[in-house]
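Below you'll find the structure, written out as structure tokens, and then a few comments.
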2 protein chains.
Amino acid sequence: MRVRVDLAYDGAGFHGWARQPGLRTVQGELETALATVLRVPEVSVTCAGRTDTGVHARGQVCHLDVADDALTGAAGRSTGAPARAVATRLNGLLPADVRVRALRGVPDDFDARVSALWRRYAYRVADDPGTVDPLTRGHVLSWRHPLDLEAMNLAGGALLGEHDFAAFCKRREGATTVRTLLDLQWARDASGVAVATVRADAFCHHMVRSLMGALLAAGEGRRPPDWPAGVLRAGVRDSAVPVLPAHALTLEEVGYPADDELGARAEASRRMRSVEAP
Amino acid sequence: MRVRVDLAYDGAGFHGWARQPGLRTVQGELETALATVLRVPEVSVTCAGRTDTGVHARGQVCHLDVADDALTGAAGRSTGAPARAVATRLNGLLPADVRVRALRGVPDDFDARVSALWRRYAYRVADDPGTVDPLTRGHVLSWRHPLDLEAMNLAGGALLGEHDFAAFCKRREGATTVRTLLDLQWARDASGVAVATVRADAFCHHMVRSLMGALLAAGEGRRPPDWPAGVLRAGVRDSAVPVLPAHALTLEEVGYPADDELGARAEASRRMRSVEAP
């Protein structure tokens, strides 16, 4: 049977999502804990967004295949739903910087990566000494210059829609950089921190952090609000666009179709471009 | 002249507020940075709430006395208000886990400790695996049992007003434990975390964390909602009341009278009981 796992992690202590020999990664920690709880020699999970080193997640989604009786077996004598018992056991084994938030059986054609309709990230910036909070410094960027959110929203609005985002992506041989940017909106949260909501069908490598670099240049007045759109149109990587730090980026949510539309979605994806990490 | 400093800190790396030889404390770090920026051999600051080891602050307030030209001198050639320039220099020197949020000259009868009308703390608890967030694990307690906030608010409401809180305080020779509890209210924030707002004229030692221990016992159903009020009335420390962990406690705000009422407040305080740390 196929199992979906929703998880959250603090990226600070990890060399990103993807398992790498000799390095501490989220996939590595999760697969080790799953193998122990499910009492199998090895487990392989697939995730929606292969986050880079230092990037956090509150809404990462992954899937794996287990034997039909695996959850019931792993839940042991605990009362209540086996899936919930397995999640509790996983959290007992996992280090405090990764938490399983939910775990449940899903239809066989659910694929955490391929079925995803969109990924939503947040990028957080404290641009005023009065809003810098030492308690959140691990996931909020401290910025010395005040940001004009109106200018940043004007700049960001011009990037929405389907475009070739090559100018904001780290090139990968043979991979397309055409993406559909669905949301790019800045707002201040209750504590005054500037939060960007960035949602797209998928992201290419470094795309969110490069977009943020271009928008902050507009937000602090170093560049006009139409500069990011000009960079996009030029279609080549621009060294004037900084890739902002990873620690302020969080994968917040992944959107999926309803269960009965998963089959159609899988078919559509097979006809589409390959999907990469931001 | 008298200077007020508002600051925020992550308590995890500190042995509390108060300076202690050979230990890293918030007061020690702040006084060292102030002495450097003000170019004086020594500085002594007084704060509103002497937080314990591990307790955080977003709204700590302290004061110090400096020579009349000290701020202008320390600001150097920087343009803009000298107080703002000094705050920027302090933040450049201070470690990332302490931030100066504001700094300004105040009337001579402002005293961060004595003038304070009330202190407001928050205590944060994630009582559902779905709300546990690794990014905030440094200042939110993870709790295994679901909490009934209605029961906790019923229990907390019965503690409001002026009482002898000896049952919830670590005894100190000769110090009164009479306090006026102004607010004690639980609510869930946007992410589902249970947040207690606790406000009083002042707190005695361990008072907030003991109150939280009593309320959580009511919230998870181990004790009836009228149990904390019974403990209060008994008037002696009750070993059945746990002192909850420090890391979920944050000093959020300190209330002061308007500048022209500071004199009257100082006079009233002299006639009142001594004020201690929570």
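The values are calculated or read from the model by the stated rules, or taken from the named source; none is laboratory data. These numbers were taken from a predicted model, which means no experiment stands behind them. Using ideal geometry, Cβ is built from the backbone for each residue, glycine included, and neighbour counts are taken over all protein chains shown.
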Reported set for the range B:78-133 where residues are surrounded by 17 or more Cβ atoms within 10 Å (Cβ to Cβ), small (G, A, S) and within 12 Å of another protein chain (Cβ to nearest Cβ) is B:A83, B:A85, B:A87, B:A122, B:A126
task = For the range B:109-127, state whether one or more residues are over 30 Å from B:T88 (Cβ atoms) and more than 19 Å from the chain's Cα centre (by Cα).
result = yes
Here the qualifying pairs (Cβ atoms under 6 Å; residues six or more apart or on different chains; first in the range A:252-264 and at pLDDT below 90; second surrounded by fewer than 16 Cβ atoms within 10 Å (Cβ to Cβ) and not in a strand (DSSP E or B)) come out as A:D259/A:P107; A:L262/A:P107
Screening A:D6, A:D10, A:D52 for residues that are in contact with a helix residue (DSSP H, G or I) (Cβ under 8 Å, 6 or more places away or on another chain) and within 14 Å of chain B (Cβ to nearest Cβ) leaves only A:D10
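So which of A:V43, A:V61, A:V100 ends up being in a loop (DSSP other than H, G, I, E, B) and closer than 19 Å to A:A112 by Cα?
Exactly one of A:V43, A:V61, A:V100 is in a loop (DSSP other than H, G, I, E, B) and closer than 19 Å to A:A112 by Cα, namely A:V43.
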*For the range B:154-162, indicate whether the set of residues that are at pLDDT 95 or above and either in a strand (DSSP E or B) or more than 21 Å from B:A122 (Cβ to Cβ) (or both) is non-empty.*
yes
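Given B:Q20, B:Q27, which one is polar (S, T, N, Q), out of contact with any Lys or Arg (no Cβ under 6 Å at 6 or more places or on another chain) and either more than 20 Å from B:A248 (Cβ to Cβ) or surrounded by fewer than 18 Cβ atoms within 10 Å (Cβ to Cβ) (or both)?
Numbers: B:Q27 fails: out of contact with any Lys or Arg (no Cβ under 6 Å at 6 or more places or on another chain).
It is B:Q20.
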Taking the range A:1-33 and keeping only residues that are modelled with pLDDT of 95 or more, touching a strand residue (DSSP E or B) at 6+ places or on another chain (Cβ under 8 Å), assigned to a loop (DSSP other than H, G, I, E, B) and not aromatic (F, W, Y), one is left with A:D10
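Table: residues versus (1) farther than 29 Å from A:L215 by Cα; (2) of a type outside the set (F, W, Y); (3) outside any strand (DSSP E or B).
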residue	(1), (2), (3)
A:A85	yes, yes, yes
A:A112	yes, yes, yes
A:A116	no, yes, yes
A:V125	no, yes, no
message: Against the definition (surrounded by fewer than 15 Cβ atoms within 10 Å (Cβ to Cβ), modelled with pLDDT of 95 or more and among the aliphatic types (A, V, I, L, M)), how does A:A187 come out, yes or no?
response: yes
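Of everything in the range B:177-198, what is touching a strand residue (DSSP E or B) at 6+ places or on another chain (Cβ under 8 Å) and not in a strand (DSSP E or B)? Give them in sequence order.
Kept after step one, since they are touching a strand residue (DSSP E or B) at 6+ places or on another chain (Cβ under 8 Å), are these residues of the range B:177-198: B:177-189, B:192-198.
Selection gives B:T177, B:D189, B:G192, B:V193.
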